[in-house]
1. Go through the range 60-84 and give me each residue that's in contact with a strand residue (DSSP E or B) (Cβ under 7 Å, 6 or more places away or on another chain) and either open to solvent by 50 Å² or more (accessible area, probe 1.4 Å) or of a type in the set (Phe, Trp, Tyr) (or both).
2. Within the range 37-46, does at least one residue satisfy the condition of being outside any strand (DSSP E or B), open to solvent by less than 50 Å² (accessible area, probe 1.4 Å), more than 20 Å from Ile70 (Cα to Cα) and not aliphatic (A, V, I, L, M)?
3. Tell me which residues, restricted to the range 146-181, are in contact (Cβ under 8 Å) with a residue 60 or more places away in the chain and open to solvent by 40 Å² or more (accessible area, probe 1.4 Å).
4. Open to solvent by 20 Å² or more (accessible area, probe 1.4 Å) and modelled with pLDDT of 95 or more: does that describe Phe218?
5. Suppose we filter Ile49, Ile15, Ile31, Ile88 for residues that are over 20 Å from Leu155 (Cβ atoms), in a strand (DSSP E or B) and open to solvent by less than 40 Å² (accessible area, probe 1.4 Å); which single one remains?
6. Just give me the residues in the range 190-204 being closer than 19 Å to Phe30 by Cα and open to solvent by 40 Å² or more (accessible area, probe 1.4 Å), in sequence order.
7. Going by what's in this entry, would Ile228 be described as aliphatic (A, V, I, L, M), surrounded by 15 or more Cβ atoms within 10 Å (Cβ to Cβ) and under 27 Å from Leu104 (Cα atoms)?
8. In the range 132-145, what count of residues is obtained for those that are closer than 30 Å to Arg99 by Cα and either touching a residue at least 12 places away in the same chain (Cβ under 8 Å) or part of a helix (DSSP H, G or I) (or both)?
Amino acid sequence: MKPTRRVAVLQSSYIPWKGYFDIINDVDTFIFYDDVQFTYQDWRSRNRIIANGSTHWLTVPTGSNIDRLIHEVSLPDPRWQKKHWRTISQSYAKAPHFRDYRDLFEEIYLGHQWRNLSELNQHLVTTIARDLLGVKVDFRDSREYGAEGQKLDRLLDLLAKAGTTRYVSGPAASSYIDPLRFQAAGIELVYKDYGGYPEYPQSHAPFRHDVSVLDLLFQTGVDAPAYIWGWRGLTAAG
């Protein structure tokens, strides 16, 4: 019997919400699926923070051309970096733990010119997961595997080449995934449940779960993992 190898496959996202990192924490290998179609005005290039008491979109300018794969999206104009950092720093200057992470994010936004969306997203996700949330996971890029086929066939080929025994999927994928195909491939299919996240001290009411993980980090610091996955153990114990 081969050992369990838990794998998740997601397109890279810009400063994603806490649920994205919850999936990462559930697996042994997390694969960025960036050799697929880029979707304009989607989570690939934007996310929300809380600014002045309401949600505010931070959008990386990518142009309107959708005839590209995610890893082909270039970022020719770097001016957005300074604007995003200014908005983030002004919005969270008074947050309890902003100073704990200010230097790290300031270096990301002001110390390097990002010319590719996929590289930017992957760097932010891996840095936050490993360095700030303490997740021990093997990050890979789908291009390493040379997956073949289209849509679900391609995903299954990618999972087979990654040695997957358990696939952790976001719940939205249930609309197009065929469980029987996974069963035939010998891969256990698990849908992530995003329900039950506890609220944390947020700067303004009403509470919003659907914002970037930056909000959680700046408000709770090293306790952030407890609000993403640590609470489940406490609930079970209680």
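The values are calculated or read from the model by the stated rules, or taken from the named source; none is laboratory data. What you see is a predicted model; the values in this text were computed from it and never measured. Cβ placement follows ideal geometry from the backbone for every residue including glycine, while neighbour counts extend to all protein chains displayed. Only protein heavy atoms, including side chains, enter the accessible area calculation; ligands, DNA and RNA are left aside. Shrake-Rupley method; radii C 1.70, N 1.55, O 1.52, S 1.80 Å.
1. Hits for the range 60-84 are Leu69, Ser74.
2. No - not one qualifying residue is present in the range 37-46.
3. The answer is Arg166, and nothing else.
4. no
5. Numbers: Ile15 fails: in a strand (DSSP E or B); Ile31 fails: over 20 Å from Leu155 (Cβ atoms); Ile88 fails: in a strand (DSSP E or B).
From the options Ile49, Ile15, Ile31, Ile88, the qualifying one is Ile49.
6. Within the range 190-204, Val190, Tyr191, Asp193, Tyr194 qualify.
7. Spelling it out, Ile228 is indeed aliphatic (A, V, I, L, M), surrounded by 15 or more Cβ atoms within 10 Å (Cβ to Cβ) and under 27 Å from Leu104 (Cα atoms).
8. Summing the residues that are closer than 30 Å to Arg99 by Cα and either touching a residue at least 12 places away in the same chain (Cβ under 8 Å) or part of a helix (DSSP H, G or I) (or both) in the range 132-145 gives 7.
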